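Visitor: A single structure is presented below for examination.
The values are calculated or read from the model by the stated rules, or taken from the named source; none is laboratory data. Because the structure is predicted, anything quoted here is derived from the model rather than measured. Using ideal geometry, Cβ is built from the backbone for each residue, glycine included, and neighbour counts are taken over all protein chains shown. Note: areas computed on protein heavy atoms with side chains; ligands, DNA, RNA excluded. Shrake-Rupley method; radii C 1.70, N 1.55, O 1.52, S 1.80 Å.
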Amino acid sequence: VHLLMPDIENPALSASLKREMRLSLIEARRLIEGNIAVLAARNATSEQICELKQIFESYQDLTMSQSYHLALSGPHHDFHLKLAEMSQNPFFVPVVETLIRAIPQGLRENEFNSLSDPDPDTILATEVSLHGAILDAVSRREGLAVGKAMDAHMDFERSLVLQVFQ
């Protein structure tokens, strides 16, 4: 049986189906990106770790200056792709690209802006902190810590989806 990638943007989808699709995507990201991050911690070159730090700093600066849309479409995307590259397995880059592009960033941004608790500023600060923890663990080359940091990232994403699609 061949399964097609679901069209998460389809306006005809019910909220419950969108919720299930989002949760399935987070499950896939947790499994795939969590393991990729562990490999990145083990296999990255020092130069790649420096590049990841630069990407994170750009992501942090854009996010905290309220340029969230630019941060998501640029350095946030690049951060996750860099981790895939750092794994030293070229097959992971297109896989992560597919996962990240499964939900258009504008759609995600609009949904999360509808939340009042946590408010958008708190969401942004938490997102930056979660990515900082991933960077920190990769920089220390601690696979267990990076796995936990990626899990925390996916847990937060899951909590937001559950609030958006109650």
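Visitor: Listed residues S46, S65, S58; which is open to solvent by 30 Å² or more (accessible area, probe 1.4 Å), modelled with pLDDT under 90 and either among the small types (G, A, S) or under 20 Å from T122 (Cβ atoms) (or both)?
Guide: Step by step, each of S46, S65, S58 is checked, and only S65 is open to solvent by 30 Å² or more (accessible area, probe 1.4 Å), modelled with pLDDT under 90 and either among the small types (G, A, S) or under 20 Å from T122 (Cβ atoms) (or both).
Visitor: Would you be able to say whether some residue in the range 101-121 is among the β-branched types (V, I, T) and part of a helix (DSSP H, G or I)?
Guide: no
Visitor: A follow-up question, please. Which residues, taken from the range 103-135, are open to solvent by 50 Å² or more (accessible area, probe 1.4 Å) and either aromatic (F, W, Y) or closer than 22 Å to V146 by Cα (or both)?
Guide: S129
Visitor: Pairs only if they're at least six apart or on different chains, beta carbon under 9 angstrom, first in the range 2-30 and open to solvent by 70 Å² or more (accessible area, probe 1.4 Å), second charged (D, E, K, R) and modelled with pLDDT of 80 or more; list them, first residue then second.
Guide: So the pair list comes out as E27/R158.
Visitor: Can you tell me which residues in the range 148-163 are open to solvent by 20 Å² or more (accessible area, probe 1.4 Å) and in contact (Cβ under 8 Å) with a residue 60 or more places away in the chain?
Guide: Passing the criteria: D151, R158, L162.
Visitor: When P94 is evaluated against the numbered criteria (1) within 12 Å of the chain's Cα centre (by Cα); (2) loosely packed, with under 13 Cβ neighbours inside 10 Å; (3) not β-branched (V, I, T), which criterion, by number, is the only one it fails?
Guide: (1)
Visitor: Given the conditions (1) hydrophobic (A, V, I, L, M, F, W, C); (2) modelled with pLDDT under 95; (3) surrounded by fewer than 18 Cβ atoms within 10 Å (Cβ to Cβ); (4) under 22 Å from A44 (Cβ atoms), and given that I100 satisfies all but one, which numbered condition is not satisfied?
Guide: The number of the failed condition is (3).
Visitor: So which residues in the range 136-146 are assigned to a helix (DSSP H, G or I) and open to solvent by 20 Å² or more (accessible area, probe 1.4 Å)?
Guide: Listed by number, the residues that qualify are D136, S139, G143, L144, A145.
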